[in-house]
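Take a look at the structure set out below.
The values are calculated or read from the model by the stated rules, or taken from the named source; none is laboratory data. Quick caveat: nothing in here was measured; it's all calculated off a predicted structure. Here the Cβ positions follow ideal geometry from the backbone for every residue, glycine too, while neighbour counts run over all protein chains shown.
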Amino acid sequence: MSAGARGASRSWLAHAALVGAAACVAVPVIWVVLAGFRTQISLLSGAFWFTPVLKNFREVLFSKTSDFLLNYLNSLIVGALSTLICLVAATLAAWSLHRMPWPRWFVHIFFGWALVFHMFPPLALASAWFTIMRSIGLDNTLTAVILAHTVLNLPMALWLMGVFVRDVPVELEEAARLDGATTPVLLRRVVLPLIAPGLAATSILTFVFSWNEFGVALTLTMKQTATVPVAIAKFAQDYEILYTQMAAAAALSILPALVLLIIGQRYIVAGLTQGAVK
Amino acid sequence: MEPIAGTAAHAAPFAAGQPALAKRPAAGDFDRGFDERVWRWAALSPALVLLLTLSVLPLINLFITSFFTVTWSGGHSSLAPAGLSNYRALAGDTLFRAGLLNTILFAAFAVGGQMLCGFVLALLCNQVTRGRVLYRTIFILPILVPGIVVGAIWKLLLNFDFGLVNQAIGLIGFDPVNWLGSASTALASVIFVDIWHWTPFCFLLFLAGLQSLPLDVYEAARIDGASAWQELVYVTLPMMLPTIMVTFAFRLVLAFKVFDEVYLLTGGGPGTSTQVVSYTLYQRFFREDQTGYGSAMSIAVIFMTCLLLVAAFSSRRQTGAAR
């Protein structure tokens, strides 16, 4: 919308402001990643120049007292499995509710409850999850965290997949039906190919949200089952905070997000904006 | 579903191999009804089971527990009926009250700040033609960073002794400030960190909204000689209202859930200056093992969330009716 009349000077100002804002976003992250390469003394002295060392990363990843690699693996497992379950459940449910002959009140109650549930602070439900998981012997297991993350992300996935499922032309589904397609065939051959971009967007977001989730993971895990955010929080809880190791762990923890940002930005943007614009 | 003229023709090759079906022209529709009845339940059931067992059941569990005093000994719990005493105790809990007040303050200022910053950035980004994707890439980054890592980043940056922020204000001659350690600046610091974390999200939604606005309205405004300011107030803002409302709702919901940043940055302190509802819940239930009382608090928080939802919906209905 930058009309030529409004001139290059305004565009210049806009660029200057945007570069400033980008610096506000990027500098803190870069500074902390760099802190991961410093020695504790160099960081505490506040010197600007330093010789990079890999000590912190070695300590965080390979020292005998650190479980960070295990935490990383836990987070990957929890993220992958909860995303998988969440996506399958949400896609099937969204399709069923939007395209099958349900009574309208039923559809409203289902989506309504998902929305209400999405508003609850997870910490309000964490206590009940903790009690229930404990009573069925799932306390301190990855299964408990996987289940909790699945249901936490279900409303968002349901909503997003609902948008994508409604974009599938009804005529196509009807045509497939008339050709005698049963529901499984219809879903696999007609619906699935059309909602694939939606699935990509939703799964990236679900994975990231599971990867980032802290409060529930904190309450449902112990040392061996802790996820990455729980492990990073431990650094800050110690009596003497190992700042540079915390920085190294933080840098390692944003790697998956960076990879997803590079390979799937299109999907992330689509997923984040889909609900708001439609 | 009325059988359409094409039905028989389409079904014919399929039915030909199945003489039993071929005798009845409407068989396809019969089968379809059965197929739909089975599959609509089959497709819904995973999500239904998940929601029933992990959202409805816990809620019932919380509700029942909230009327008991639970004592733990050796990993076993014993329940003693407590009537409404847990709920009565809530009113006198200063931590809970501080948590509620701070959460409201936090949500109001953090969401307000993010929306304002996000809107300005989106307007700027929408004006430039070059580098828009690059800016967007950088701005998305904080959305993807775990809340706890955002906390860790700013715990380092706001550190009294060596943090970048104190170094920077030292360069222009100010004394270092104990951002997270003094009661007067702690909540403001947490709000600032949240604004940093979520302005990009608001920016992204607003930018998508701006880009979907019809261009001809701007043409018309320009022909009528509207200034840039008039264009913003009379054209952009009214057309952006739906996007603004949705973004506001999204962010408000998340702001009321705030936990991660507070846990890492301040732990609710100093004193109760950054105590927020989720953190109070965590403290009472998990740190102090007050299972019954914690459940009552959870129910109270959930109830308030529902009230907020009802208020939001009724106000939306009103504005909808006014239009």
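Data table
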| quantity | calculated |
| --- | --- |
| Which numbered condition B:Phe63 fails, given (1) in contact with a Phe, Trp or Tyr (Cβ under 9 Å, 6 or more places away or on another chain); (2) touching a residue at least 12 places away in the same chain (Cβ under 8 Å); (3) over 30 Å from A:Gln265 (Cα atoms) | (1) |
| Single match in A:Ala47, A:Ala26 (criterion: among the aliphatic types (A, V, I, L, M), not in a helix (DSSP H, G or I) and not assigned by TED's automatic domain parsing to the domain that holds A:Met156) | A:Ala47 |
| Single residue of the range B:165-191 satisfying the filter (without any contact (Cβ under 8 Å) to a residue 24 or more places away in the chain, surrounded by 18 or more Cβ atoms within 10 Å (Cβ to Cβ) and among the hydrophobic types (A, V, I, L, M, F, W, C)) that is farthest from the other protein chains (Cβ to nearest Cβ) | B:Trp179 |
| Residue check, A:Ala22 at pLDDT 85 or above and not charged (D, E, K, R) | yes |
| Residue within the range B:89-98 that is at the interface with chain A (Cβ under 7 Å from one of its Cβ atoms) and either outside any helix (DSSP H, G or I) or among the acidic types (Asp, Glu) (or both) present | no |
| Any hit, the range A:94-109, residues being under 30 Å from A:Pro169 (Cβ atoms), more than 9 Å from chain B (Cβ to nearest Cβ) and not in a helix (DSSP H, G or I) | yes |
| Complete set of residues in the range A:38-93 that are at negative phi, touching a helix residue (DSSP H, G or I) at 6+ places or on another chain (Cβ under 8 Å), within 14 Å of chain B (Cβ to nearest Cβ) and among the small types (Gly, Ala, Ser) | A:Ser75, A:Gly79, A:Ser82, A:Ala89, A:Ala90, A:Ala93 |
| Selected residue (criterion: nearest to A:Leu87 (Cα to Cα)) from residues of the range A:180-224 that are assigned to a helix (DSSP H, G or I) and of a type in the set (D, E, K, R) | A:Arg188 |
| Residue, nearest to the chain's Cα centre (by Cα), within the range B:273-289, restricted to residues that are free of Cβ contacts under 8 Å to residues at least 60 places away in the same chain and more than 10 Å from every other protein chain (Cβ to nearest Cβ) | B:Arg287 |
| So B:Phe106, is it in contact with a strand residue (DSSP E or B) (Cβ under 6 Å, 6 or more places away or on another chain) and at pLDDT 80 or above | no |
| Single unsatisfied condition, B:Gly181 versus (1) closer than 30 Å to A:Ala226 by Cβ; (2) in contact with a helix residue (DSSP H, G or I) (Cβ under 9 Å, 6 or more places away or on another chain); (3) at pLDDT below 90 | (2) |
| Enumerated helices (runs of 4 or more DSSP H) restricted to the range B:207-320, each holding at least 1 residues that are in contact with a His (Cβ under 9 Å, 6 or more places away or on another chain) | B:237-256, B:260-265 |
| Residue that is among the aromatic types (Phe, Trp, Tyr) and surrounded by 15 or more Cβ atoms within 10 Å (Cβ to Cβ), where the choices are B:Phe109, B:Phe160 | B:Phe109 |
| Flag for B:Ala228 being facing another protein chain (nearest Cβ under 10 Å) and touching a residue at least 12 places away in the same chain (Cβ under 8 Å) | no |
| Index of the failed condition, B:Leu210 passing every other in (1) touching a Ser or Thr at 6+ places or on another chain (Cβ under 9 Å); (2) closer than 21 Å to A:Leu260 by Cα | (2) |
| Given (1) part of a helix (DSSP H, G or I); (2) facing chain A (nearest Cβ under 7 Å); (3) of a type outside the set (Asp, Glu), number of the condition B:Phe162 does not satisfy | (1) |
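Here's the yes/no breakdown for (1) under 15 Å from the mean Cα position of the chain (by Cα); (2) part of a helix (DSSP H, G or I); (3) at negative phi; (4) more than 9 Å from chain B (Cβ to nearest Cβ):
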residue	(1), (2), (3), (4)
A:Ala126	no, yes, yes, no
A:Trp129	no, yes, yes, no
A:Met133	no, yes, yes, yes
A:Ala144	no, yes, yes, yes
A:Ala148	yes, yes, yes, no
A:Met156	yes, yes, yes, yes
A:Leu160	yes, yes, yes, yes
A:Phe164	no, yes, yes, yes
A:Ala175	no, yes, yes, no
